[in-house]
Amino acid sequence: MLVLTINVAVLLAIIIVLRLRRRTQARSRNDEKLTVLIVLVFGILVAPTEFGQGVLDVVGQLAAGISDSSR
């Protein structure tokens, strides 16, 4: 099942890149909502993978560094 999840995540990543390459003026509200939905599904698929956990660790360390520097 993990292999299938990674393949779907890769497909969604490609779709996200292609959608975000379009000019902002050419996007409708529904188009933007669909992009947000695709990104959310991508995040849900990637989160339990090793790559997703690595990204979570990096973002957590970055957030901790930013909050420590603002004190």
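There is at least one residue in region 50-64 that is out of contact with any helix residue (DSSP H, G or I) (no Cβ under 7 Å at 6 or more places or on another chain), more than 12 Å from L12 (Cα to Cα), modelled with pLDDT of 85 or more and among the polar types (S, T, N, Q). Residues in region 1-43 that are part of a helix (DSSP H, G or I), at pLDDT below 80 and not small (G, A, S): L2, V3, L4, T5, I6, N7, V8, T24, Q25.
When you scan region 27-46, how many residues do you find that are open to solvent by 50 Å² or more (accessible area, probe 1.4 Å) and small (G, A, S)? Total satisfying the criteria: 1.
Of all residue pairs spaced 6 or more apart or on separate chains, none has beta-carbon atoms under 8 Å together with a first member in region 1-18 that is open to solvent by 100 Å² or more (accessible area, probe 1.4 Å) and a second member that is modelled with pLDDT under 75 and of a type in the set (D, E, K, R).
The values are calculated or read from the model by the stated rules, or taken from the named source; none is laboratory data. The structure displayed is predicted, hence computed values, not measured ones. Every residue, glycine as well, gets a Cβ built from its backbone with ideal geometry; the counts of neighbours run over all protein chains shown. Accessible surface is based on the protein model in full, side chains and every heavy atom, while ligands, DNA and RNA are left aside. Shrake-Rupley method; radii C 1.70, N 1.55, O 1.52, S 1.80 Å.
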